[in-house]
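Taking it in order: structure first as structure tokens, then the write-up.
The values are calculated or read from the model by the stated rules, or taken from the named source; none is laboratory data. This structure is a prediction, so every number in the text was calculated from the model and none was measured. Every residue, glycine as well, gets a Cβ built from its backbone with ideal geometry; the counts of neighbours run over all protein chains shown. For accessibility, only protein heavy atoms count, side chains too; no ligands or nucleic acids. Shrake-Rupley method; radii C 1.70, N 1.55, O 1.52, S 1.80 Å.
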Amino acid sequence: MDPRLIDACGDRPGWACERIWDATHNQTLAKLADFVVHTPLKILLIVIGAVIVNRFAQRFIRRFVNTLAGRATSGLLSGVPVNPRAAARTQTIGIVLRSLATATISTFTGMLILGEVGINLGPLIAGAGIAGVALGFGAQSLVKDFLSGIFMLIEDQYGVGDVVDLGLATGTVEAVNLRSTRLRSADGTVWHVPNGGIVRVGNKSQDWSRALIDVTVSYDADIRRASEVIKQVADEMAKDDEWKHDILEPPDVWGVEHVRDGAVVIRLVLKMRPGAQFKLMRELRLRIKEALEQNGIAVPVPPITPTA
């Protein structure tokens, strides 16, 4: 092979480069022809290959996520009752996985294209590595937020509508994303809590909740009679058309919880539909107070401290 052809077109000359060389014996024109015809064709093939790989990856992830969603909604993943948020949570994880797959494939495709246009990738990769390390040190909290958000979604620690205690704030969850969680407290304050800063999660409305009411009666009161009255009021409320769908199990009086300061505390518990316990507890306290008064059971009155 002519050494000048090798200089112009390389060890494996393309069809266009070789034809132009044979016609003109001009290295510049031969290289230009190879760049204009051969390089775009290779870039096009790389792009087509990337699109095909990405499509297969998206399809595989979609099928995998749909399988998980189907198992979750049928309660087969953990053997527990169906979680109404399971399918939505699984689909959110699928969106994240598909985005990561697309980003990874696009990055490799871009590197291959840069290599085809003659850019030396060695210094570029080295520079990107240094920049990545610097960015990693500067964005540690952001990376931590994203990783924590992914695990929160996978583990279903809480979802929109749940009443949670995140340590940093307490309230109703309004939005959950990979970086932060938005809560609205009882006084209307909106809290934006970074996921990476959440050390513990107390979910007050996941799967089921419990209404816990401590009823204080006088130390001299008939405790057994007071317990009967409390149980009767709770049972009547469990049969009430307005409340019976929120109460999952018959009310249970656990008995005397505390004896202190000249009073006795009797504990009542009800297993509830998530989020319904707060309104029910207010109504139940009112009914118990009225029933205790009707049955002559004294409720201790806190002493009033006179002001100067």
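Conditions tested, residue by residue: (1) open to solvent by less than 60 Å² (accessible area, probe 1.4 Å); (2) at pLDDT below 70; (3) in a loop (DSSP other than H, G, I, E, B); (4) not hydrophobic (A, V, I, L, M, F, W, C).
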{"position": "Ala33", "(1), (2), (3), (4)": "yes, yes, no, no"}
{"position": "Leu41", "(1), (2), (3), (4)": "no, no, no, no"}
{"position": "Leu44", "(1), (2), (3), (4)": "no, no, no, no"}
{"position": "Ala50", "(1), (2), (3), (4)": "yes, no, no, no"}
{"position": "Phe56", "(1), (2), (3), (4)": "no, no, no, no"}
{"position": "Phe60", "(1), (2), (3), (4)": "no, no, no, no"}
{"position": "Phe64", "(1), (2), (3), (4)": "no, no, no, no"}
{"position": "Ala69", "(1), (2), (3), (4)": "yes, yes, no, no"}
Exercise for the section: Evaluate the following for Arg287: is it out of contact with any strand residue (DSSP E or B) (no Cβ under 9 Å at 6 or more places or on another chain) and not hydrophobic (A, V, I, L, M, F, W, C)? Expected result: yes
Flagged in region 262-291 as closer than 20 Å to Ala226 by Cβ, touching a Gly at 6+ places or on another chain (Cβ under 9 Å) and open to solvent by 10 Å² or more (accessible area, probe 1.4 Å), in numbering order, are Arg267
Asp252 passes all but one of the listed conditions (1) modelled with pLDDT of 90 or more; (2) open to solvent by less than 30 Å² (accessible area, probe 1.4 Å); the exception is number (2)
Among the residues of region 148-181, the number that are of a type in the set (D, E, K, R), touching a Gly at 6+ places or on another chain (Cβ under 9 Å) and open to solvent by 50 Å² or more (accessible area, probe 1.4 Å) is 2
Listed by range, strands (runs of 3 or more DSSP E) wholly within region 192-308 having at least 3 residues that are in contact (Cβ under 8 Å) with a residue 60 or more places away in the chain and polar (S, T, N, Q) are 209-218
Out of (1) closer than 30 Å to Val253 by Cβ; (2) open to solvent by 50 Å² or more (accessible area, probe 1.4 Å); (3) hydroxyl-bearing (Ser, Thr, Tyr), the one Ser218 does not meet is (2)
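Tell me the residue from Val265, Val233, Val229 that is over 28 Å from Ala186 (Cβ atoms) and at pLDDT 90 or above, please.
Numbers: Val265 fails: over 28 Å from Ala186 (Cβ atoms); Val233 fails: over 28 Å from Ala186 (Cβ atoms).
Just one listed residue meets the conditions, Val229.
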Arg210 passes all but one of the listed conditions (1) open to solvent by 50 Å² or more (accessible area, probe 1.4 Å); (2) over 26 Å from the mean Cα position of the chain (by Cα); (3) closer than 26 Å to Leu280 by Cβ; the exception is number (2)
